[in-house]
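Here the structure is laid out as structure tokens; the discussion comes afterwards.
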Amino acid sequence: MNFNSFRYCMRQSIISLHRNLWLAVVTAGIIAISLSILGGFLLLAVNADQMIRNIGTNVEIGVFLEDGVQVEAIQQKLDNHAGIHSYTFVSKEQGLVDFGHSLGDRVLLIGMEGENNPLPDLFRVRTLDAENVPAVAAEIASYPGVEMTDYGEELVGRLLKITGWVNTLFLAVSILLALGAILLIITTIRLSVLARQDEVSIMKYLGASNWFIRFPFLLEGMTMGWTGTLAAAAALAVVYYRLATSLQQEALTFFIQPVTDTAQLLPIFIGLLLLGTLMGGFGSFISVRKFLRV
Amino acid sequence: MIELNNVTKQYPGCTVPALDNVSLGIERGEFVFLVGPSGAGKSTLIKLIFREQLPSGGKMLFDGRNIAALKQNQLLEHRRQIGMVFQDFRLLKQKTVFENVAFALEVLGRSPKEIIEKVPTALDKVGLSGKAQSFPDKLSGGEQQRVGIARAIVKDPLVIMADEPTGNLDRDNSRQLMDLFETINQNGTTVIIATHEWEIVDRMQKRVVALECGRMIRDEQQGGYSHEL
């Protein structure tokens, strides 16, 4: 396709969009709504993921040591472990004090100080990733001098299960919404092709290439796709910014803080724009295909 | 230039072939009438030469190339060498006469400069210089068909093929149109016209290829329509 053809195709798609302006606006609007929901789900997914990660990093592994063991040796191993976020050491004496505080009545612990202290020395370990808690706990349990490890196995298991369900749900809803939007574009472009059916059939008789015929419709579909998505992205950005700001100001518990990192959010918006444009192009391609068989 | 060897076309679901073992050769610069009653196979023959349809059997050559075996880019090149004229004119109502003719060059990616040069010349050849800015609805049937012819000749094709070009016109307009085709032919363009209007064929005294029920029953230089058909 040379420059003259490209210019002609551009002009045709602009004329066609102008002629069917209301239909194009409605289609772009419905794409905007579909992709807003899709984008909303994606933002929710990112935030849910961060929330689960936050909860996960709060899950502690209790590492109980045998009596008289070399604490430094174990400490060194924990320092060198790549999957560990942080740890604190709680000596048996400190443990007794903490236990007393939790009981609220130190009198009950009289006689348990010193050699009679039944509590072991322990480390409280936090992993980098909630998914690794079971594996890290098992590994630490095998260190010499470690009597046992303990963590909220049930909580971690439940969190992982919820994450899996949430991801599957988001994926299914997103695919359904994307399919709906593509079907809509196919219908709109088909109306546009039908309106220009005579022109398309004459083009074939005049020796126009399939790409020459297809290109204005592709441009038309892609324009509807990306304008719809642009509107969706703008609306999402405004709503998300307001929500995020108010959540941060409310200073709720640490783990439901919204994601505000641009590096995480920008790919979602760019991805939506690309997806909307590609969906527009794909829908047009399908619509025009049938009319090219002359 | 065009060579058909034992060409057969059988449409799916039909018991009788639309074309049955037709062999024919057309030289560059010839003027040929395809005659016969409705259903004789005239339009099918035109569709096969244009490669709108594929033959069920036999071989068809255009400028030495097997038409049925053309690849996509060769097919475009093939179709660009043929100017088609239709009974129902097939003009775009929302475009002016000038734009309709220019359309033939635009779809081939020709430059605006070339379009501005060639379109008025084509309109001049068909006698419509003064109607360039009119819309098809404002023209008579004869004038609309002239626009169709201008659109066909503006890309300088080797062949003009017309399927019942006078089907919607009165006698005077038909006669004028045939004179126009003859002028185009005298300038070196091969002209193939499918028609069942015997008056035109008898008057023109050109080569006549007569078809009946898909079979070629006569191929005569300077022939007439023959009333028996």
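The values are calculated or read from the model by the stated rules, or taken from the named source; none is laboratory data. Just so we're clear, the structure is a prediction, and the values are computed from it rather than from any experiment. In this analysis, Cβ positions are derived from the backbone assuming ideal geometry, glycine residues included, and neighbour counts consider all displayed protein chains. The area values use the complete protein model at the heavy-atom level, side chains included, leaving out ligands, DNA and RNA. Shrake-Rupley method; radii C 1.70, N 1.55, O 1.52, S 1.80 Å.
Rounded to the nearest 500, what is the protein assembly as shown's calculated 222 nm mean residue ellipticity when only DSSP H runs of at least 4 contribute -39500 (n - 2.57) each, over all residues? Kindly include the intermediate steps, with their values, before the conclusion.
Numbers: 16 runs with 285 residues, N = 523.
That comes out to -18500 deg cm²/dmol.
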Integer Hz, Karplus 6.51/-1.76/1.60 couplings in order for the stretch A:189-203, x for Gly and Pro: 5, 4, 4, 5, 5, 4, 5, 10, 4, 4, 4, 5, 5, 5, 4
FRET efficiency for B:Asp137 and A:Ile270, using Cβ-Cβ distance with R0 set to 56 Å, rounded to 0.05: 0.70
Near-label residues of the stretch A:170-199 by backbone N, under 18 Å of a point 7 Å along Cα→Cβ of B:Lys95: A:193-199
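Just add up the charged neighbours of B:Met60: K/R +1, D/E -1, any other residue whose Cβ is under 11 Å from the Cβ of B:Met60.
It works out to a net charge of +3.
With only Lys, Arg, Asp and Glu charged, each at its Cβ (+1 for the first two, -1 for the last two), find how big the charge dipole of chain A is about the Cα centre; round to the nearest 20 debye. Please list the in-between numbers first.
Working: 19 positive and 24 negative charges, 678 e Å.
Its charge dipole is roughly 3260 debye.
Students often check this: by mean Cβ neighbours within 10 Å, which of B:147-159, A:75-87, A:32-44 ranks highest, and how do the rest follow?
B:147-159, A:32-44, A:75-87
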Stokes-Einstein diffusion coefficient of the stretch A:60-151, Kirkwood radius over Cα pairs, 20 °C, 1.002 mPa s, in µm²/s: 154
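If I stretch the segment between A:Asn58 and A:Trp211 completely, what's the gain in nm (0.36 nm per residue apart, minus their alpha carbon distance), one decimal? Don't skip to the answer; put the middle values down first.
Working: separation 153, 0.36 × 153 = 55.08 nm, distance 5.72 nm.
Gain on extension, A:Asn58 to A:Trp211, equals 49.4 nm.
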With Cα atoms, 0 to 90° folded angle of helix B:171-186 axis to chain B main axis: 90
Positive-end residue of B:Asn66, B:Cys213, B:Gln144, charge dipole of chain B with Cβ unit charges: B:Asn66
Degrees, to the nearest 10: B:112-125 long Cα axis against longest axis of chain B: 70
In order through the stretch A:26-35: 3J(HN,Hα) via Karplus (6.51 cos²θ - 1.76 cosθ + 1.60), integer Hz, x for Gly, Pro: 5, 4, 4, x, 5, 4, 4, 5, 4, 6
Under 5 Å, built H, 5+ apart or other chain: amide partners of A:Glu60: A:Gly152
Positive-end extreme of charge dipole, chain B - chosen from B:Val201, B:Thr166, B:Gly109 (charges on Cβ): B:Gly109
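Could you compute how much accessible area chains B and A hide from each other, both sides summed, with a 1.4 Å probe? Nearest 100 Å² is fine. Each step should come with its number before you reach the end.
On the way: alone 10920 and 17020 Å², together 26040 Å².
Using a 1.4 Å probe on protein heavy atoms, the buried area is about 1900 Å².
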Cα-only Debye scattering, the stretch B:43-194: base-10 log of I(q)/I(0) at q = 0.10, 0.11 Å⁻¹: -0.35, -0.43
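Multiply the residue gap between A:Leu179 and A:Leu247 by 0.36 nm, knock off their C-alpha separation, and tell me the result in nm, one decimal place. If you can, show how the numbers build up before the last one.
Details: separation 68, 0.36 × 68 = 24.48 nm, distance 3.29 nm.
Between A:Leu179 and A:Leu247, full extension yields 21.2 nm more.
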Rounded to the nearest 20 debye, dipole of the protein assembly as shown from Cβ charges on Lys, Arg, Asp, Glu: 3220
Nearest-0.05 FRET efficiency for B:Asn5 and B:Asp124, computed from C-beta distance (R0 25 Å): 0.05
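With a/c under 1.5 counting as rounded, go ahead and sort the protein assembly as shown into rounded, prolate or oblate using the C-alpha gyration tensor (a ≥ b ≥ c being the square roots of the eigenvalues; past the cut-off, prolate if a/b is larger than b/c, else oblate). Don't skip to the end; give the middle numbers.
Values: a/c = 4.98, a/b = 3.34, b/c = 1.49.
Prolate, because a/c is 1.5 or more and a/b exceeds b/c.
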Cα-based Rg and Dmax for the stretch B:33-76, where Dmax is the largest Cα-Cα distance (Å): 11.6, 35
Principal-axis tilt of helix B:97-106 within chain B, Cα atoms, nearest 10 degrees: 60
With at most 16 neighbouring Cβ atoms within 10 Å, loop GluC sites (Glu not before Pro) (DSSP) excluded, longest segment of chain A: A:114-294
Within the stretch B:36-143, trypsin sites (Lys or Arg not before Pro) in DSSP loop having at most 10 other beta-carbon neighbours inside 10 Å: B:Lys71, B:Lys93
Amide hydrogen neighbours beyond the local backbone of B:Gln53, cut-off 5 Å, H modeled: B:Leu48
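In debye to the nearest 20, how big a dipole does the stretch A:128-220 give about its Cα centre with +1 on each Lys and Arg Cβ and -1 on each Asp and Glu Cβ? Don't skip to the answer; put the middle values down first.
Numbers: 6 positive and 10 negative charges, 199 e Å.
Dipole about the Cα centre, nearest 20: 960 debye.
Taking every residue in B:100-107, how many Cβ atoms of other protein chains lie within 10 Å of its Cβ, on average? Before the final figure, lay out each step's value.
On the way: counts 1, 0, 0, 6, 6, 2, 11, 13.
That average works out to 5.
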Full-stretch length increase - B:Thr15, B:Glu199 - with 0.36 nm per residue and alpha-carbon distance subtracted: 63.0 nm
Radius 10 Å from Cβ of B:Gln81, net charge of other residues (Lys, Arg +1; Asp, Glu -1): 0
Of A:Ser36, A:Ile140, A:Gln197, farthest towards positive along the dipole that unit charges on Lys, Arg, Asp, Glu beta carbons give chain A: A:Gln197
Cross-link table A:Lys290/B:Lys71; A:Lys204/B:Lys59; B:Lys125/B:Lys206; A:Lys204/B:Lys155; A:Lys204/B:Lys206; A:Lys290/B:Lys125, entries beyond 25 Å C-alpha to C-alpha: A:Lys204/B:Lys206; A:Lys290/B:Lys125
Shape call, the stretch A:183-294: gyration tensor on alpha carbons, a/c limit 1.5: prolate
Nonlocal amide H pairs with B:Glu30, under 5 Å, H built at 1.01 Å: B:Val191
Given chain B, longest segment not containing exposed loop GluC sites (Glu not before Pro) (DSSP; at most 11 other Cβ within 10 Å): B:28-227
